[in-house]
Amino acid sequence: MISARILRGVAGVAGFLIVGELTIRFGLTDDVVFPPPSLVLWEAMGLLADPVFLSGVAITLTNWALGLIASVVIAVPLGVLLGSLASVERATRPLLEFLRPIPSVAIIPLAILLIPVDSMMKVSVIVYASLWPVLINTLYGMHDVDPLAKESLRSFGFGAIDVLRRVSLPSAAPFMLTGVRIAAGIALILAVSAELLAGGTGGIGVFVIQAGSGNRTDLILAATFWAGIIGMVANSLLVLAERRLFHWHQARTGATT
Amino acid sequence: MLEISNLSHVYGSGPGAHHAIEGLNLSVAEGELLCIVGPSGAGKSTLLRSIAGLIQPTGGEVRIEGKLVKQTPDNLAVVFQDYSRSLFPWMSVADNVALPLRRKKMDKQQRRAAAQEALESVGLAEAGKKYPFQLSGGMQQRVAIARALAYRPALMLMDEPFGSVDAQTREDLEDLVLQVRGHHKMTIVLITHDIDESVYVGDRVVVLSKAPAHVVGDLKVELASPRDQITTREHSDFVHLRAEVGRLVRGLERTPA
Ligand SMILES: Nc1ncnc2c1ncn2[C@@H]1O[C@H](COP(=O)(O)OP(=O)(O)OP(=O)(O)O)[C@@H](O)[C@H]1O
Ligand SMILES: [Mg+2]
């Protein structure tokens, strides 16, 4: 089952690369300079030995991780609080509904003006963007808690704090992790975007700008390739964690593993 | 032990309000096993929720051992009608059963032993490590019963606890309840729609009217104990009582004794 799926995926990627390679090598006119996949992959491998690129990746990933952690630390308690206090949630709902759809990338110019410390500015926009998926999913998880499960614990004489700790939080935990997984992808986009817009001493985005000023489309794509791989790996790891930790939830929602 | 006086409960308000219970009076003696039968939608579960302090009735009062029920009282356990939703899906079966015991002065080992003992008593000695979603409906129901039994409450409320088990298991569980009551001096209120079951298990059978529920019949069951699934059920007193309860449920007049 799974190996067949992987095989099909590999075949799809290989097919795409081959078609791309052939189109670029033989199909395009000479005045369009677009590097073929083989060259991009070759450069991508080369980047693994490039200290400038590697330190850039380290910088981007550090901002990414810091921003993601901070957003979880803020959004999970906030979501739990709003999810447990219906009146507070009703009061804040309109504000949330207004802020949430604003594309987070749009606040980067504002952040550049307001926050003079470069890395702090970058982490801040990552935090802002990742906040939403974690918050919304936490809220969703809190609403999804079965009232009868809460009543069951209450019927044995447990108080509100115990019900929160032993029923609401574990029941909402899978939703929180899903929120973190979605946030991880968004955080990576913001980490690179902030570098593209604000520059800086290093980072995947900074590397891409520098490659661009040297007209190195192959290097731009090679760096982008690694950004994509990082996003994919992070997503897969979190999917794996969801399945491992919350197999009971998968069974309940009927998800196939 | 349990005193219910002039209890009323209305869901909602205005023209759409539903009068679930109206002017219900009932008292249950210490150690008694009371069966409540009544038509579907009569308000039986509502009555049970009021006794457990899970809802605040709109009128009248409930007293347990003389104390007015305001919140969920200590020393009470409930087996909910919707057993599968009342179990915690993120915990193993054994942990589900052991969790309420945190309210007692028991260490981890004692809790685990008590949970295992209760699981054995419902015929699930091997299921402790499984998760609720891995069990059949009937098995989940027995876990819910085990959880209440392990708690050794002074008052146990059971809402159609044998609804989804096969006939053989049902008889075994009926006998288990009788046996537990004999050993631990529990007071038990058991809701059922099965007239035979109410007579077989109960010391007393109370019949509720259609909504709004109030008591329309209150019969003492004087059958020899220990009861036996075959001989008790063929006894003429049993047959007679069963017919009497049946007539009450159907709203017919009682036959003259
Ligand atoms: N939370 C609620 N809000 C509004 N109406 C409710 C609520 N809970 C129950 N009711 C209504 O109150 C009535 C009595 O419900 P209840 O669950 O107590 O009946 P029951 O006797 O237990 O029925 P059954 O035998 O089917 O379990 C029903 O008509 C039901 O629709
Ligand atoms: Mg009911």
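The values are calculated or read from the model by the stated rules, or taken from the named source; none is laboratory data. Just so we're clear, the structure is a prediction, and the values are computed from it rather than from any experiment. Glycine also receives a Cβ, built like all others from the backbone with ideal geometry; neighbour counts cover every protein chain displayed. SASA here: full protein model, heavy atoms, side chains in, ligands and nucleic acids out. Shrake-Rupley method; radii C 1.70, N 1.55, O 1.52, S 1.80 Å.
Brief remarks on what is shown
- Charge dipole (debye, nearest 20) of the range B:135-201; +1 at Cβ of Lys and Arg, -1 at Cβ of Asp and Glu: 500
- For chain B: rounded, prolate or oblate by the Cα gyration tensor [a/c cutoff 1.5]: oblate
- Between the range A:189-235 and the range B:10-49, the alpha-carbon centres lie 67 Å apart.
- Summed buried accessible area for A+B [probe radius 1.4 Å, Å², rounded to 100]: 2100
- Per DSSP, loop GluC sites (Glu not before Pro) in the range B:78-134 with at most 13 further Cβ within 10 Å: B:Glu126
- Reduced Cα scattering model of the protein assembly as shown, Debye log10 I(q)/I(0), q = 0.05, 0.07, 0.10, 0.13 Å⁻¹: -0.34, -0.58, -0.88, -1.21
- The share of C-alpha pairs in chain A whose separation exceeds 25 Å stands at 57 percent.
- Separation of alpha-carbon centers, the range A:98-166 and the range B:197-242, rounded to whole Å: 55
- Rolling a 1.4 Å probe over the protein heavy atoms of the range A:159-235, with every protein chain left in place, gives an accessible area that is 70 percent carbon and sulfur.
- Accessible surface of chain B [probe 1.4 Å, protein heavy atoms]: carbon and sulfur percent: 48
- Heavy-atom accessible surface of the range B:87-152, averaged per residue, reaches 46 Å², computed with a 1.4 Å probe.
- Most tightly packed first, judged by the mean number of other beta-carbon atoms within 10 Å of their residues, the peptides B:34-46, A:113-125 read B:34-46, A:113-125.
- Loop-located trypsin sites (Lys or Arg not before Pro) in the range B:111-198, at most 10 other Cβ atoms within 10 Å (DSSP): B:Lys129
- Buried on complex formation within the range A:144-158 (loss of at least 20 square angstrom of accessible surface versus the isolated chain, 1.4 Å probe, ligands and nucleic acids ignored): A:Asp146, A:Leu148, A:Ala149, A:Glu151, A:Ser152, A:Leu153, A:Arg154, A:Ser155, A:Phe156, A:Gly157, A:Phe158.
- Each stretch of four or more DSSP H residues adds -39500 (n - 2.57); spread over every residue of the protein assembly as shown, this sum gives -18500 deg cm²/dmol at 222 nm.
- Most tightly packed first, judged by the mean number of other beta-carbon atoms within 10 Å of their residues, the peptides A:99-112, A:59-72 read A:59-72, A:99-112.
- Take each residue of peptide B:77-88, count the partner chain Cβ atoms within 10 Å of its Cβ, and average: the result is 4.
- Residue-normalised accessible area of the range A:35-253, expressed per residue, 1.4 Å probe, Å²: 47
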